[in-house]
Amino acid sequence: MSITAPAPTLPTTTTCDGRQLAARAWVSAVADLLEPDEIVWCDGSADERARLTALMVAQGTLVPLDPAKRPGSYLARSDPSDVARVESRTFICSRERADAGPTNNWREPAEMRRELHGVVAGAMRGRTMYVVPFSMGPVGGPISQLGIEITDSPYVVVSMHVMTRVSREVLRLVDHGAPYVPAVHTVGAPLAPGQADVPWPCSPTKYIAHFPETREIWSTGSGYGGNALLGKKCFALRIASTMGRAEGWLAEHMLVIRATSPQGRDYHLAAAFPSACGKTNLAMLEPTMPGWTVETIGDDIAWMRPGPDGRLRAINPEAGFFGVAPGTGWSTNPTAMRTVARDTIFTNVALTDDGDVWWEGMTDEPPAHLVDWQGQDWTPGCGRPAAHPNARFTVAAAQCPTISPDWEAPEGVPIDAIVFGGRRASNVPLVAEAFSWEHGVLMGATVSSEQTAAAEGTVGELRRDPFAMLPFCGYNMADHWQHWLDVGASLDAERRPMIFQVNWFRKDSDGRFLWPGFGENSRVVEWLLRRTDLRTRPEGAGTERPDAEDDARPWGGPVPEARPTAVGRVPADGALDVTGLALAEGALAELFRVDPAAWRREADLTEEFFTTFGDRVPAALRRELAALRDRLSR
Ligand code: GTP
Ligand code: SPV
Ligand code: MN
């Protein structure tokens, strides 16, 4: 009789009695498998950042920019094959395939563990393994969570310093039994003795694997943000969404802002747009509406929990912005331009002859000569973009001039409005208000958008991106819709957020944007935020302060009027303030035109989309879809 040894598999932090392995034991098990030359425990200090930055400059990973132009800033050029998230290599390894759902790549966890073991064994040979303890959200906050990322990339360590809260305090909490999400990252490029390194090591073999039941992440082969900064999409969305589902909260691909009306009334808005569809821009909105101010709370991810007062409270779990550079300029997003004026890491932008950066859309006219994102000479009209379309800046949120004084409030801010949007050249109106929470969940579930450069794929193709979470939901998307219905039901009906849909990207028959967008979006924001006064506003209230002591905010004039359409309430004639806007003849009517035939086709596509989820589609959403069809036929 022969005895076969069990196939080797990845180490785990989950012990057989269900507890979590102490951090040190887990780190040493990972080191045994990955075989780094050296292990460094990180503390998040400025010293550490300076040391690793100098190391990367010496290795050619970072090019220092001219400190007179861009103090404390660097350019990284990635390998040309490693520029975006790899959705085809991103896996949800739940025990049951149905729990990952039809929109995720599913793999059986034990099988993935065995396969990955073979891929990552010895992957850190010749490299240093960094252990990065971090917190998503203020350390110790009631909505915050802890993680430890192991990585062999100093670029990842320095980026994690910016994007999360890296500190020794996290290790202390973990040592005292606080739960943490273990996350392993390697560039997957071991070095043989004496082998020279390259500026951006990576591997054609990529895996971004998530184990939702044991809350573990393994990523190999890529150094790009969304694949490698594991606190971000992997933890704060894919793993956190499964935690939130179990615990009654939401992890969403949303920006959060505070907008203050001329009367001094504060509103908080959370908005989900697919990747590269305008979250960072709206998060840094410079309102053109007189008297309004906007403060930034987060630009990409929101964790939202029903508070003790029955309101939905949101935090930004991140500490920095990993923003799209192209299209960011003084005329579109001056706040972002000020934010990246110093202490910023730029990835895959172009280098100017005087040691600064440039990308398409930064200025109207490009410089006469540049070094492009691949390190090649570039001149205007050469036929290649100077910056990669998914070039990014990495910068601390605290550097943003509009950052809210409350952006780190551990208990979060109370959300008044939830907004869903996408990049739609036709059909979807500039803004529409949902008739109910359930109708709003249908709006979220049916978000569709033209594909952008933020992930591999054909740019411009229309795809469904429910809740802007298609690549980020760690469990069955249809269950996510049910979870939204459940969270809505758990909130105080009088004070829960109102839900809206927006579309900044509708075009005319010549392919020109109908709406100027950017700062002018404040006009839409004003309309929809004042609409939320409907929830709690007493009949006939003026601009005086209301009586309720927990909501001592002044009212700001009458609630703007809305008119019902089949797809939601849109601003009544004259209710959207377009004073001083030079819109093309008929543009406003076109922005709000609802074409019943086109919308019947949308409803058919939604029906088809729902079919892929079988009986997991919530009955309430089927009812909402039927109600939409009914309104369209009237
Ligand atoms: P991720 O970081 O990938 O999640 O992207 P994001 O949703 O934060 O998108 P971002 O704000 O970086 O915008 C992406 C692109 O859309 C940029 O090129 C912007 O210039 C452009 N954009 C943003 N807002 C508007 C708008 O209101 N109108 C138009 N026409 N373009 C916009
Ligand atoms: C996105 O693609 O939505 C991003 C960039 O915000 S990444 O972190 O790469 O996901
Ligand atoms: Mn994003």
Checklist entry - How many percent of Cα pairs in the chain exceed 42 Å? => result 23 percent
Checklist outcome for this item: Heads up, the stretch 322-399 by the C-alpha gyration tensor (a ≥ b ≥ c square roots of eigenvalues; a/c under 1.5 rounded, else a/b over b/c prolate, else oblate) looks prolate
Checklist outcome for this item: Once both label points are put 7 Å beyond Cα along the C-beta direction, the E169-K507 separation in nm becomes 4.9 nm
Item to check | Peptides ranked, highest mean first, by Cβ atoms within 10 Å: ranges 518-527, 396-405 | outcome: 518-527, 396-405
Item to check | Within the accessible area of the chain (1.4 Å probe), percent carbon and sulfur | outcome: 52 percent
Next on the checklist: With every protein chain kept in place and ligands, DNA and RNA left out, what is the accessible area per residue of the chain? Probe 1.4 Å, answer in Å².
Outcome noted: 38 Å²
Item to check | For the stretch 73-144 versus the stretch 262-292, the gap between their alpha-carbon centres in whole angstrom | outcome: 31 Å
Item to check | Radius 15 Å from Cβ of A25, net charge of other residues (Lys, Arg +1; Asp, Glu -1) | outcome: -2
Checklist entry - So how do 180-191, 569-580, 324-335 stack up, highest first, on mean other-Cβ count within 10 Å? => result 180-191, 324-335, 569-580
Checklist entry - Counting pairs on different chains as well as pairs 8 or more places apart, how many Lys pairs in the chain have Cα atoms under 21 Å apart? => result 5
Checklist entry - Using alpha carbon centroids, what distance separates the stretch 427-487 and the stretch 45-69, in Å? => result 39 Å
Checklist entry - Between the stretch 166-206 and the stretch 601-621, how many Å separate their Cα centres? => result 41 Å
Checklist entry - DSSP beta bridges in the chain, what fraction antiparallel, as a percent rounded to 5? => result 65 percent
Next on the checklist: If R₀ is 51 angstrom, what is the calculated FRET efficiency for the pair M337 and A7, using the beta carbon separation as r and rounding to 0.05?
Outcome noted: 0.45
Item to check | Largest-first ordering by accessible area, 1.4 Å probe, given options T394, T611, T379 | outcome: T611, T379, T394
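The values are calculated or read from the model by the stated rules, or taken from the named source; none is laboratory data. Fair warning: this is a prediction, and the values are worked out from it, not measured in the lab. Glycine gets a Cβ as well: all are built from the backbone with ideal geometry, and neighbour counts include every protein chain shown. Note: accessible area is taken over every heavy atom of the protein model, side chains too, but ligands, DNA and RNA are not part of it. Shrake-Rupley method; radii C 1.70, N 1.55, O 1.52, S 1.80 Å.
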